[in-house]
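Bear in mind these aren't lab numbers, they're just calculated from the coordinates by the rules spelled out. Please read all numbers here as calculations on a predicted model, not as lab measurements. Every residue, glycine among them, receives a Cβ derived from its backbone with ideal geometry; neighbour counts consider all protein chains shown.
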Amino acid sequence: MGNKEKLIGFYNKYGIVVILLGLLVVCSVISPVFLSQANVVNLLSQIAVVTILTCGLTLLIIAGQTDLSGGAVVALTGCICVGTYKNLAEGGMNGMLAGILAVLAAVAVGMAVNFLSGVIVTQFHAPAFIVTLAMMKAGRGICYIYTGGTPIYNIGNISRLGQGRIQGIVPYSVLIMFLCIAVTWFVLKKMRLGRYIYAVGGNAEAATASGISNQWTIIKTYLIHGIFVGIAGALFMTRLNSGQPAEAEGLEFDAITAAIIGGASLSGGVGSIYGSVIGSIIIGVITNILTLKSVQSYYQMIITGLIIVAAVVLDIVTKGKKE
């Protein structure tokens, strides 16, 4: 094996870690407060929602699918969560029970939307890009109908879900994020479904020949993604302390970018939650340092767009090298 092949092999295994470490060093030099405990906790809190969404999208991308409705459904499930809690609490229900039911309502809606996407994709062999694009439009419209086009305020104690901290240090959202990461790892590494997801995304025909039901594997993957979307929506709106139907726009692209940066291939069959989480951290670190240096949001949007292009090009190049 030549030096070039060794270099490519090293990058495929450890490149994303090297990039993250180098980025952390550069950011710590640029800003003295970057590695402070307060900023690190704030950074983890900021990436929690995107990372949870990335967990579901990693499963979908490995299975050869995608979801462009993530941001819209996060807004929908989030508004349903805070709206449900507000109605139940005002009706006299116990706060904790109302909170549990509100989160379950958000998860149920997320699963329902994604189940519908999975069924349409598998039963009608429709491109996931088009189906989920349609769901994005429909989900946002339903969200506006549910809220009457106006934000939901005075949501009560459920805001602690997105804003609360254990011992005033570790945010609940960060703990939930790590739990979702652990669940995703378990699905991919320890469950039969995880092996099926890799098989279907890598070679659908071979998977079918092996007795794997491609349709049910894809539908189950969309359902799991729907659970993560519901949780992300609940955290997103409770952190805002209101239900904002116009928020979370473009969130799905950050999640897709994180997965691609982390090594997931848009053609399916390749990816890991480990890489996707590092990809999410990289995006969060870049956004965080730009904010610390008071870079205008307009420039941040341009930089984010360039990162997305770079991620896609990287996916194409590395895929070509592997082939």
32 Å Cα-Cα threshold exceeded, pairs from Lys86/Lys137; Lys137/Lys220; Lys137/Lys190: Lys137/Lys190
Extension gain, Asn203 back to Ile302 (0.36 nm per residue minus Cα-Cα distance, nm): 32.1 nm
Vicinal HN-Hα couplings computed from phi for region 100-113 (Karplus, 6.51 cos²θ - 1.76 cosθ + 1.60; Hz; Gly/Pro x): 4, 5, 5, 5, 5, 5, 5, 5, 4, 5, x, 5, 4, 4
Under-5 Å amide H pairs with Arg165, H placed in peptide plane, nonlocal only: Tyr172
Label-point separation, Val33 to Ile145 (7 Å along Cα→Cβ), nm: 4.5 nm
Normalised per residue, the volume of the convex hull around the Cα set of region 227-283 (Å³): 97 Å³
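Sorted from fewest to most neighbouring beta carbons within 10 Å, what does the list Leu88, Leu193 look like? Walk me through the numbers before you get to the answer.
Details: Leu88 20, Leu193 16.
Going from sparsest to densest Cβ surroundings: Leu193, Leu88.
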Cβ-based exposure ranking for Met135, Met191, in which fewest neighbours within 10 Å come first: Met191, Met135
Residues Cys79, Cys55, Cys180 arranged by fewest to most Cβ contacts within 10 Å: Cys180, Cys79, Cys55
Per-residue ³J(HN,Hα) for region 116-122, Karplus 6.51 cos²θ - 1.76 cosθ + 1.60, θ = phi - 60°, Hz, x for Gly and Pro: 4, 4, x, 5, 5, 4, 7
Distance from region 71-142 to region 239-312 (C-alpha centre basis), Å: 22 Å
GNM flexibility winner over the chain from Pro127, Pro245, Pro32 (Cα, springs under 10 Å): Pro32
